[in-house]
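Okay, structure first, notes after.
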């Protein structure tokens, strides 16, 4: 093979390995040890593999908050990647006799092996791993496979409110000024709610978690409430335990992208936006 072709091939391989990355978003130690609102799953263990290297993905778990279905849980893992990854899921209770990965449009066919199932992902997205065909799954497992982040803001930027890895308690209606970017790093666990009135050009982004665990149902505001706010973006974060709607934005030209929302109370799946907006 000519030398110039060898150089091109080596450069192509180098670019591929540079781009192929995995960043698992595991919680800080205070959360990883578990509490009554978010805990390690007792149902599943998940590994993320790329290029022969394995990373353990913390399997977040939420118990149902209703006395009528308190035997149910919701579990998920959260990571960002580029390239191709292999997911291994270990079912910790009972044997896996069947498994399905949704959405069906992904055409992912999991392989059942002794003690675990595995499948590959090449595109970012939200996937559901189901070990039964029932309409109501007792213990659903979600795989949140995000694209790698771009334009991560600096914590030193005066226009940025930066929540680093760790637990942050901000209370109800934490006010966001106009023009600010609020960033939740992958290991950030923010307890409280974001609020703004007439706050234009606001961005809320990252891979962290916003939790309303301290609020009983119907006792507080929506998790993110941006009133009369134009040109806003909410991207990448996870929101859990909302007492009302997850996101309410008034105004126009809003973008809500790749936001993960888990809640048990009635209407906690709610998202409301203004005109000329995209979800």
| At residue 169 and residue 214, where each label point lies 7 Å from the Cα along Cα→Cβ, what is the point-to-point distance in nanometres? | 0.5 nm
| request: Just the number, please: percent antiparallel of the DSSP beta bridges in the chain, rounded to the nearest 5. | output: 45 percent
| field | residue 72-residue 275 FRET efficiency (beta carbon distance; Förster radius 30 Å; 0.05 resolution) | value | 0.20
| said: If you consider only alpha-carbon coordinates, what radius of gyration and Dmax does the chain have, in Å? | reply: 20.1, 72
| query | Can you give me the pair-distance distribution of region 129-204, C-alpha pairs, 10 Å bins, whole percents? | reply | 15, 35, 26, 17, 7, 0
| note | What helix-only [θ] at 222 nm does the chain give? Using -39500 (n - 2.57) per DSSP H run of at least 4, over all residues, to the nearest 500, the answer is -2000 deg cm²/dmol
| query | If the chain between residue 124 and residue 63 were fully stretched, how many nm would it gain, using 0.36 nm times the residue separation less the Cα-Cα distance? | reply | 19.3 nm
| task | Once you have the Cα-Cα distance between residue 231 and residue 112, take 0.36 nm times their residue separation minus that, and quote the gain in nm to one decimal. | result | 38.2 nm
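What's the ranking of 103-111, 161-169 by average number of surrounding C-beta atoms within 10 Å, highest first?
Highest to lowest by the protection proxy: 161-169, 103-111.
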| Relative intensity, log₁₀ I(q)/I(0), of region 160-272 from a Debye sum that treats every alpha carbon as a point, q = 0.20, 0.22 Å⁻¹ | -1.01, -1.25
| said: Given an 8 Å cut-off on Cα distances and at least 6 residues of separation, report the relative contact order of the chain as a percent. | reply: 12 percent
| R0 of 35 Å, Cβ-Cβ distance residue 54-residue 200: FRET efficiency to nearest 0.05 | 0.20
| FRET efficiency for residue 257 and residue 152, Cβ-Cβ distance as r, R0 = 22 Å, nearest 0.05? | 0.90
| remark: Note: probe point = Cα of residue 21 + 7 Å toward Cβ; backbone nitrogen < 11 Å; residues of region 127-156 passing the test are 148-152
| message | I need the Kirkwood Rh of region 74-187: take the reciprocal of the average 1/r across all distinct C-alpha pairs and report it in angstrom. | response | 17.0 Å
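Read the figures in this text as sums done on the coordinates, not as results from a lab. The shown structure was predicted, so the numbers you read here are calculated from the model rather than taken from an experiment. Virtual Cβ from ideal backbone geometry, glycine too; neighbours counted across all protein chains shown.
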